[in-house]
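Readers should treat all values here as calculations from the given coordinates under stated rules, not as data from a laboratory. Not measured: the values here are computed from a predicted model. So basically every Cβ, Gly included, is an ideal-geometry build from the backbone, and we count neighbours across all protein chains shown.
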Amino acid sequence: MSQDAFVDFQNVWLAYNDELLAQNHFAVEDINLQVKQGEFIAIVGPSGCGKSTFMKLTTGLKMPSKGRILIDGQPVTGPLKISGMAFQAPSLLPWRTTLDNVLLPLEIVEPYRTNFKQKKAEYVERARTLLQTVGLGGYEDKFPWQLSGGMQQRASICRALIHEPKMLLLDEPFGALDAFTREELWCILRDLWTAQKFNVILVTHDLRESVFLADTVYVMSKSPGRFVVKREIDLPRPRDLEITYTPEFTHIVQELRGHIGAMRKPGSTSQP
């Protein structure tokens, strides 16, 4: 194990049930991955390659069939409390206001849950500050149906960060949004990460998104999923949207697209 690895996958294989395991039919295979403290990684690959399965393993929602996973130096034995998650669908509760949706994890997750009543004013202040940071100041009392898709996704990211997790897991979080809103949210996520330096694992189909945001991009093969390419993004930070129009940026996107395109050809296998 690398001493400074925050996420450490050691020869991890997953079959979804005993029958598939007996047939050696794996959803992901031979995953070895070390992610440094505070690193932002992105995972790209063809549909059905196991990106979401990898997320479930990282959060402890699924246990590996073989191998082991350490997060922050501790073996993963069940669902993690140190992580926050946001998905393509914001899944805000329609009967709760924006503020109350953001506060939800503090009502559920210990140690916040026990202290919720006596510390509610402090937690509300924290939620308001976070909403202000993502441009939702003034929308605290609106219900989800009163917000645009982009606003709902901002609230969803606030909800994922309210309990100050050490790791943020994002599964296609901006996939359903228009291009302009998506780029706006890239910048919000970039600023939140720059300020707090939590670990981020972003699963995305958008190669531009992965190159703009991540320190390192991993390409997954077709099922059974495994990492076949590791590409460190050596573009300087802080990155502004202007960088997405530079030859250096375009070159990296095209290189990644080439790897994925090669895998989509019938009968192809991409090697590390």
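Say a paramagnetic label sat at a point 7 Å from the Cα of Lys120, along Cα to Cβ; which residues of region 133-149 have their backbone N under 18 Å from it?
Of the residues in region 133-149, 140-142 have backbone N under 18 Å from the label point off Lys120.
Per residue of region 8-13, what does 6.51 cos²θ - 1.76 cosθ + 1.60 with θ = phi - 60° give for ³J(HN,Hα)? Whole Hz please, x for Gly and Pro, Karplus curve as stated.
The phi angles translate into 9, 9, 10, 6, 8, 10 Hz.
Compute for the chain: radius of gyration divided by Kirkwood radius, i.e. Rg/Rh, restricted to C-alpha atoms, rounded to two decimals.
Working: Rg = 19.1 Å, Rh = 19.6 Å.
My calculation puts Rg/Rh at 0.98.
Please tell me the relative contact order of region 53-129 in percent, rounded to the nearest whole number, where contacts are Cα pairs under 8 Å and at least six residues apart. Walk me through the numbers before you get to the answer.
Details: 43 pairs, mean separation 14.8, N = 77.
Averaging sequence separation for qualifying contacts and normalising by length gives 19 percent for region 53-129.
Dipole magnitude of the chain about its Cα centre, charges +1 at Lys/Arg Cβ and -1 at Asp/Glu Cβ only, in debye to the nearest 20?
On the way: 31 positive and 31 negative charges, 90 e Å.
I would put it at about 440 debye.
Taking 30 Å as R0, compute the FRET efficiency from the Cβ-Cβ separation of Gln132 and Gln10 and round it to 0.05.
Working: r = 41 Å, r/R0 = 1.37.
According to the calculation, E is roughly 0.15.
Amide H to amide H, which residues 5 or more places from Val229 or on other chains are under 5 Å from it, using H placed in the peptide plane?
Val219
Just need the relative contact order of the chain here, percent rounded to a whole number, with Cα pairs under 8 Å and 6+ apart. Don't skip to the answer; put the middle values down first.
Working: 486 pairs, mean separation 65.9, N = 272.
RCO, the chain: 24 percent.
Under a point spin-label approximation (7 Å from Cα along Cα-to-Cβ), what is the Glu19-Thr194 distance to one decimal in nm?
Once both label points are built, they end up 5.2 nm from each other.
Filter the trypsin sites (Lys or Arg not before Pro) in region 106-143 down to the DSSP loop ones having no more than 16 other Cβ atoms within 10 Å, then list what survives. Before the final figure, lay out each step's value.
Details: sites: Arg113, Lys117, Lys119, Lys120, Arg126, Arg128, Lys142; in loops: Lys142.
Loop-located and lightly packed - Lys142.
In deg cm²/dmol and to the nearest 500, what is the mean residue ellipticity at 222 nm of the chain if only DSSP H runs of at least 4 residues count, each as -39500 (n - 2.57), divided by the residue total? Can you show the working numbers first?
Numbers: 8 runs with 103 residues, N = 272.
Dividing the helical sum by the residues of the chain leaves -12000 deg cm²/dmol.
Amide H neighbours of Ile43 under 5 Å, at least 5 residues apart or on other chains, H built in the peptide plane: list them.
Residues meeting the criterion, in which the H sits 1.01 Å from N, are Leu202, Val203, Thr204, Tyr218.
Suppose a student asked you for the relative contact order of region 83-165, using Cα pairs under 8 Å spaced at least 6 residues apart; what percent would you report? All intermediate terms of the calculation are to be shown ahead of the outcome.
Working: 92 pairs, mean separation 42.6, N = 83.
About 51 percent, as a whole number.
Hey, got the dipole for region 83-165? About the Cα centre, +1 on K and R Cβ, -1 on D and E Cβ, debye to the nearest 20? Display every interim value, and only then the final one.
Numbers: 10 positive and 8 negative charges, 11 e Å.
Dipole about the Cα centre, nearest 20: 60 debye.
What's the Cα-based Rg to Rh of region 83-165, Rh via Kirkwood? Each step should come with its number before you reach the end.
Working: Rg = 11.7 Å, Rh = 12.5 Å.
Rg divided by Rh gives 0.94.
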